[in-house]
Amino acid sequence: MIRNSDIQFQSPEAIRAFQEERMQETIRYVAGHSEFYRSLFAQAGIVPFEIRTLEDLRRIPVTTKQDLQLRNNEFLCVPRHKIIDYVTTSGTLGDPVTFALTESDLDRLAYNEMLSFTTVGCTRDDIIQLMVTLDRRFMAGLAYFLGARQLGCGVTRVGNGIPELQWDTVRRIAPTACLVIPSFLLKLIDFAEAHAIDYRHSPLRKAICIGEGLHTPDGFELGTLAAQIHQRWPELELFSTYASTEMQTSFTECAHHCGGHLPPDLIIVEFLDDSGQPVANGEPGEVTITTLGVEGMPLVRFRTGDVCRHYSEPCACGRHTVRLGSLLGRKGQMIKFKGTTLYPPALFNILDNIPDVKNYIVEVFTNALGTDQVQIRVHSTNRSEMFVKQIKDIFRSKVRVAPDILFESTERISKDQFPAMSRKPIKFVDRRNNPIH
């Protein structure tokens, strides 16, 4: 794998030339080693050596999540004895998919996260507290540890949950940064305030956030969750990231907080509309990736199902790479409710901004008419009819439609948010094709 950490600061023309050379290597590699892509190229009449430019890449049919699920083993490009680590996707939109990583892939993973840490301004003098799991076949937790090791900074592996242990680690080791799901920061703040911990003067100064968005869907303003964290802990700088197991790469914000930077020596990204055509700068498009330098299970033109906006103007940090905005939603989670198109993150942002809503799960069903119906299961101490009306009025003012509201206990909602096999909190449940009466 050819790496060039300086390429992100070079001109768009230099970045393009670099990526096209790496892309040609990837196409030739999968043509020679991947049963899936050999078959795909043959059926589509693709001659690997004729794919030379980014425009040529569009001649190759896209790869889908269903391809990965149904033909998982056909993507493997190495013999089994070269595989060092097995991970699985989170299975958000279906059965989890297994990914196999070689020694080279683990090295690439470490390099990727080292780039992420340097993008947010971390150096070898930092200590990073990992508030995420390294087990449960979770790629990201391992990646963070390997990246910190490659950067040469300190790392303490606390895992997820247990605020008391997190704060005890902060007291003992004095980490300067943390890897965390942002909603957990509110629990850390609540615990600190309940136990007289002076968290605002703790050594923690950077939070690299995963799993939940920080910004509003239509720009770079702080969303409700991030705004709450910032209001209560302004000394902690929040950095957004976007990644997936399939891409084995992450996009990370710099200190200017205007989108996650693409690492151009690790991945090529297209943003496609429903018909498979590229969308314009700033328009919503499905993130479609081609990995560079992956040995075990590389992907070519893989449609992630994630819908984002992208921006290509140079960043004030000096990088000339494409930047990704907030995740608008997943194509498979798009809701068509009473004629309005919705994605779950927009609903989360509304609910996070209603003080009396303590916890929630958004559910979508197919109703008796065969259309989408949205129901929100809410925990609140206020269960009055006036409060239900207030919630619905807020939704109508923000997204023009109002969901059904069902009050439940916090124990019931928390149990469903954190099922035994889940690695992330679940706020959205898709029950379509299961009618409600």
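Worth a mention:
- The set of residues from the stretch 60-75 being under 15 Å from residue 38 (Cα atoms) and of a type in the set (D, E, K, R) comprises 67, 71, 74.
- Residue in the stretch 332-340 that is part of a strand (DSSP E or B), in contact with a His (Cβ under 8 Å, 6 or more places away or on another chain) and buried (at least 16 other Cβ atoms within 10 Å of the Cβ) present: no
- Residue in the stretch 6-27 that is surrounded by fewer than 16 Cβ atoms within 10 Å (Cβ to Cβ), aliphatic (A, V, I, L, M) and out of contact with any Phe, Trp or Tyr (no Cβ under 6 Å at 6 or more places or on another chain) present: yes
Quick grid of which residues meet (1) of a type in the set (S, T, N, Q); (2) under 20 Å from residue 68 (Cβ atoms); (3) touching a Lys or Arg at 6+ places or on another chain (Cβ under 9 Å):
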| residue | (1), (2), (3) |
| --- | --- |
| 238 | no, no, yes |
| 242 | no, yes, no |
| 246 | no, yes, yes |
| 260 | no, no, yes |
| 268 | no, yes, yes |
| 275 | yes, no, no |
| 289 | no, yes, yes |
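- Matching residues in the stretch 214-238 - criterion: being over 19 Å from residue 284 (Cα atoms) and in contact with a Pro (Cβ under 9 Å, 6 or more places away or on another chain): 225, 226, 229, 238
- Residues that are over 26 Å from residue 56 (Cα atoms) and of a type in the set (A, V, I, L, M, F, W, C), drawn from the stretch 240-282: 254, 255, 258
- Filter result for residue 115 (part of a helix (DSSP H, G or I), farther than 30 Å from residue 170 by Cβ, in the same structural domain as residue 204 (by TED's automatic domain parsing) and not β-branched (Val, Ile, Thr)): no
- Which listed residue is modelled with pLDDT under 95, closer than 26 Å to residue 7 by Cβ and surrounded by 21 or more Cβ atoms within 10 Å (Cβ to Cβ), from 259, 223: 259
- Residue in the stretch 355-366 that is among the acidic types (Asp, Glu) and surrounded by 16 or more Cβ atoms within 10 Å (Cβ to Cβ) present: yes
- Of the residues in the stretch 242-264, none is in contact (Cβ under 8 Å) with a residue 24 or more places away in the chain and in a helix (DSSP H, G or I).
- Screening the stretch 355-424 for strands (runs of 3 or more DSSP E) wholly inside it with 2 or more residues that are touching a helix residue (DSSP H, G or I) at 6+ places or on another chain (Cβ under 8 Å) and not assigned by TED's automatic domain parsing to the domain that holds residue 211 returns the ranges 359-366, 372-379.
- The stretch 301-331: number of residues that are within 19 Å of the chain's Cα centre (by Cα), more than 18 Å from residue 4 (Cβ to Cβ) and either assigned to a loop (DSSP other than H, G, I, E, B) or not basic (Lys, Arg) (or both): 15
- Residue list for the stretch 200-217, filter: of a type in the set (D, E, K, R), closer than 14 Å to residue 233 by Cα and not in a helix (DSSP H, G or I): 205, 206
- Each residue in the stretch 397-414 was checked for being surrounded by 11 or more Cβ atoms within 10 Å (Cβ to Cβ) and either within 20 Å of residue 342 (Cβ to Cβ) or of a type in the set (Lys, Arg) (or both), and 10 of them qualify.
- Residue match in the stretch 275-293 (condition: surrounded by fewer than 22 Cβ atoms within 10 Å (Cβ to Cβ), of a type outside the set (Ser, Thr, Tyr), assigned to a strand (DSSP E or B) and on the phi < 0 side of the Ramachandran plot): yes
- A single member of 365, 387 is of a type outside the set (Val, Ile, Thr) and touching a residue at least 40 places away in the same chain (Cβ under 8 Å), and it is 365.
- Residue match in the stretch 404-418 (condition: touching a residue at least 12 places away in the same chain (Cβ under 8 Å), acidic (Asp, Glu), under 25 Å from residue 136 (Cβ atoms) and out of contact with any Phe, Trp or Tyr (no Cβ under 6 Å at 6 or more places or on another chain)): yes
- Filtered by the rule that a residue be at pLDDT 90 or above, among the hydroxyl-bearing types (Ser, Thr, Tyr) and either crowded, with 17+ Cβ neighbours inside 10 Å or within 18 Å of the chain's Cα centre (by Cα) (or both), the stretch 54-99 gives 63, 64.
- Scope the stretch 191-216; condition under 20 Å from residue 424 (Cα atoms) and surrounded by fewer than 19 Cβ atoms within 10 Å (Cβ to Cβ); matching residues: 211
- Qualifying residue in the stretch 304-327 (condition: over 26 Å from residue 182 (Cβ atoms) and in contact with a His (Cβ under 6 Å, 6 or more places away or on another chain)): yes
- Taking the stretch 28-53 as the range and being of a type in the set (Asp, Glu) and either surrounded by 13 or more Cβ atoms within 10 Å (Cβ to Cβ) or in contact with a strand residue (DSSP E or B) (Cβ under 7 Å, 6 or more places away or on another chain) (or both) as the test, only 35 passes.
The values are calculated or read from the model by the stated rules, or taken from the named source; none is laboratory data. Keep in mind that what you see is a predicted model, and the values were worked out from it rather than measured. Note: ideal-geometry Cβ built from the backbone for every residue, glycine included; neighbour counts use all protein chains shown.
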